[in-house]
Amino acid sequence: MVVGGAGYVGSVLVPMLLDSGHEVRVIDRLYYGDDGLKHVLERCELVRADMRHVPAEALQGIDAVINLGGLSNDPTANYNPEANWELNYHAVLRLAEACKAMGIRRYVFAGSCSVYDRKERPEAEDVLLTEESPLEPVGYYSESKYAAEQALLAMNDDYFSPVILRKGTIFGYSRRMRFDLVTNVMVRDALAAGFLTLHSGGETWRPLLDVTDAARAYMTVVAAPEQQVKGQVFNIVHRNLRISELGLRVQATLRNLGVPCEVRSDYSKPAARNYRVSGEKARRVLGFEAGRTVEQSVAEMVREFRGWSARQLYNPVYVNIDWMQMLERAGDLSGCEGGIFADDGNA
């Protein structure tokens, strides 16, 4: 069962699971529609449901759960902190408890390397962070993700096997595309406007990961022997880059593909996240190594989106916070009580 399986990562992961022979049940409220899975809907089961109230019958016949659901970044978490905690913490634990009661042992949680960010990190502490590094996450999103991790790991016992994947900042093409992730934003802006922007001059570090490699990581931990992964946290990253180097790599790839692109710096906004993360444990324990480069991924996105108009590229459905705000406004105008985050309590 893949919770949030119609989302950005899920739309890559679910076809991969199906192609490998798994039977897949997707739980998704479909805030962004089902376009990401339309090509495989005949091969999987789609249950439209709120992750806070996964129907009990949806857990029947399930061997493993991959939970990708919830709010996925700082802007959406800050927009509705209460919903962030309901979805990213309480719903995660409620589903884990239901799984444990049903005898479902493997529960894989979509963690985030954002838990390593401290906003301000002295240069003397600018080190490669591991799963054992002390954490002081800041912000609703990172705090909720870390709290859920800790609560899940506390449930680890002879009957339940939680696994945490802390993924780096994801990039790349998905049928449920997002243009609110740094590499993807650069490609969109270059295609639509002919330039990309380095906020804060691109001075900060970020661990990066292609979406296909993210899906491969979930496949790996689902297939791994239980004792190898139970109660474990794994960083899943390809490599760490300063945003400035990322921008130059994107620019060079675009130019090689005949897409002229200017690089601009903008110091008007406060510095973004800044941290470097090691993926050595995943390589050592799981034999997993992310292999898709920024250049490969950018080339794929250009193939998919070249020729799109600026209006298409800037469609709010591709930016999570913009789409949520639009849905909220539409709900207000239609008289819908509670908005899109309303907990209807259906089980």
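Of note:
- Estimated 222 nm signal from helices in the chain, with DSSP H stretches of n ≥ 4 weighted -39500 (n - 2.57), rounded to 500: -10500 deg cm²/dmol
- Gain on full stretching of the segment that runs from Glu295 to Gln150 - 0.36 nm per residue minus C-alpha separation: 48.7 nm
- Relative packing of peptides 204-216, 162-174, 44-56 - highest average C-beta neighbours within 10 Å first: 162-174, 204-216, 44-56
- A simple spin-label model places pseudo-atoms 7 Å from Cα toward Cβ; at Ile62 and Leu257 they are separated by 3.6 nm.
- Antiparallel bridges, percent of DSSP beta bridges restricted to region 2-334 (to nearest 5): 15 percent
- Whole-Hz ³J(HN,Hα) from phi, Karplus 6.51 cos²θ - 1.76 cosθ + 1.60, for region 164-175, glycine and proline x: 10, 10, 8, 8, x, 5, 7, 9, x, 7, 9, 5
- Links that overshoot a 21 Å alpha carbon limit, given the list Lys38/Lys100; Lys145/Lys269; Lys167/Lys281; Lys100/Lys167; Lys100/Lys230: Lys38/Lys100; Lys145/Lys269; Lys100/Lys167
- Residues in region 92-109 reached by a label modelled at Asp157 [backbone nitrogen below 19 Å; 7 Å Cα→Cβ]: 93-108
- Label point at Met16 placed 7 Å out along Cα→Cβ; residues across region 222-253 whose backbone nitrogen lies under 12 Å: 222-223, 237
- For the chain, the relative contact order is 19 percent, taking Cα pairs closer than 8 Å that sit 6 or more residues apart in sequence and dividing their mean separation by the residue count.
- Extending 7 Å from the Cα toward the beta-carbon at both Leu41 and Asp343 defines two label points whose distance is 3.0 nm.
- Full-extension gain in nm, Arg283 to Asp266, via 0.36 nm per residue minus C-alpha separation: 2.5 nm
- Two-site FRET efficiency, Gln227 against Leu93, from Cβ-Cβ distance with R₀ of 35 Å, rounded to 0.05: 0.90
- Per-selection Kirkwood Rh - region 170-316 (Cα, Å, 1 d.p.): 16.3 Å
- Backbone geometry of region 187-199 corresponds, through the Karplus equation with coefficients 6.51, -1.76 and 1.60 at θ = phi - 60°, to 3J(HN,Hα) couplings of 5, 4, 5, 5, 5, 8, 10, x, 8, 10, 10, 9, 6 Hz, x marking Gly and Pro.
- Cβ crowding within 10 Å averaged over residues, with 316-323, 133-140 ranked highest first: 316-323, 133-140
- Rounded to 10°, Cα long-axis angle of helix 294-305 versus longest principal axis of the chain: 90 degrees
- Annotation: peptides 293-302, 176-185, ranked by per-residue average of other Cβ atoms within 10 Å with the highest first, follow the order 176-185, 293-302.
- Each Cα pair of region 2-334 feeds into the Kirkwood radius, which the Stokes-Einstein equation turns, at 20 °C and 1.002 mPa s, into a diffusion coefficient of 105 µm²/s.
- Among residues other than Val302 with Cβ under 14 Å from its Cβ, the summed charge is +1 (Lys and Arg +1, Asp and Glu -1).
Laboratory data are not the source of any read-out in this text; all were calculated from the coordinates shown. What you are looking at is a predicted structure, and each value in this text was computed from that prediction instead of being measured. Ideal geometry is used to build each Cβ from the backbone, glycine not excepted, and the neighbour counts take in all protein chains shown.
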